1. Dividing the convex hull volume of the alpha carbon atoms of the stretch 39-177 by its residue count, what do you get in Å³ per residue?
2. Once you've got the Cα coordinates, tell me which of LYS4/LYS116; LYS120/LYS167; LYS5/LYS116; LYS5/LYS154; LYS5/LYS120; LYS123/LYS167 are over 27 Å apart.
3. Between ASP155 and PHE175, how many nm apart are label points set 7 Å from Cα along the C-beta direction?
4. Can you tell me the order of 86-98, 57-69 when each peptide is scored by its average per-residue count of other Cβ atoms within 10 angstrom, highest first?
5. For LEU16 and VAL88 in one chain, what is 0.36 nm times their gap in residues minus the Cα-Cα distance, to one decimal in nm?
6. In cubic angstrom, how much convex hull volume per residue do the alpha carbon atoms of the stretch 121-177 span?
Amino acid sequence: MRLKKADIVRLVISGLLVITAITIASLTIGRDIYYGSSNEGLLSFAIVNFSGYLFFLFMPVELAFIYYLIGDLNIWSLNAVALGTAMVSQTIDYLIGYMFSTKIIDHLIGRHRYEKAEQKIRKYGNIVIFLFNVTPLSSPVISLAAGMLKHRVKDAIIFTFFGLLLKYIILTLIFGR
């Protein structure tokens, strides 16, 4: 079976994004683990969390949060950074979806993933945005789809914020010191 040019481009882009995610994780969390450093832990976490909530990089942000939560960082600072960086990234995802064409998005994440997110938002609306942010599902793709659908920005921000807030409260209560 011969690959089409679009498939090759998607594979190259996917490979570069995987390499980027691994590099970010290695230079932040990996360095903190290797050197046992907690001095720059909050900055490392901010970079990982911000990057992980961008729709084109898939990183285990919940695991990173738990890793830093059981460390020496201030719980309130960690939660504030987690919520702040996630909101900024998800807002960027929404704006990218709002401003760019579906052809560009198709090359980055694939038509199937976008159509699934679109279908859920059209059917369930704000509750999908909230639930995808409370759970470790792909909330950045939902934010991107909400932007592409021109979903009310105020609703997207409010339901994203409260979903993320609840997620980080639950994680802090379960895994916090």
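1. Working: hull volume 12.4 nm³, N = 139.
Cα convex hull per residue, to the nearest whole number: 89 Å³.
2. Numbers: LYS4/LYS116 23 Å; LYS120/LYS167 20 Å; LYS5/LYS116 24 Å; LYS5/LYS154 39 Å; LYS5/LYS120 30 Å; LYS123/LYS167 23 Å.
Pairs exceeding 27 Å: LYS5/LYS154; LYS5/LYS120.
3. The two pseudo-label positions are separated by 3.2 nm.
4. Values: 86-98: 20.8, 57-69: 19.0.
Top to bottom by mean Cβ count within 10 Å: 86-98, 57-69.
5. 23.6 nm
6. Values: hull volume 3.6 nm³, N = 57.
Dividing the Cα hull volume of the stretch 121-177 by its residues yields 64 Å³.
Computed from the coordinates by the stated procedures, all read-outs in this text should not be read as laboratory data. Keep in mind that what you see is a predicted model, and the values were worked out from it rather than measured. Virtual Cβ from ideal backbone geometry, glycine too; neighbours counted across all protein chains shown.
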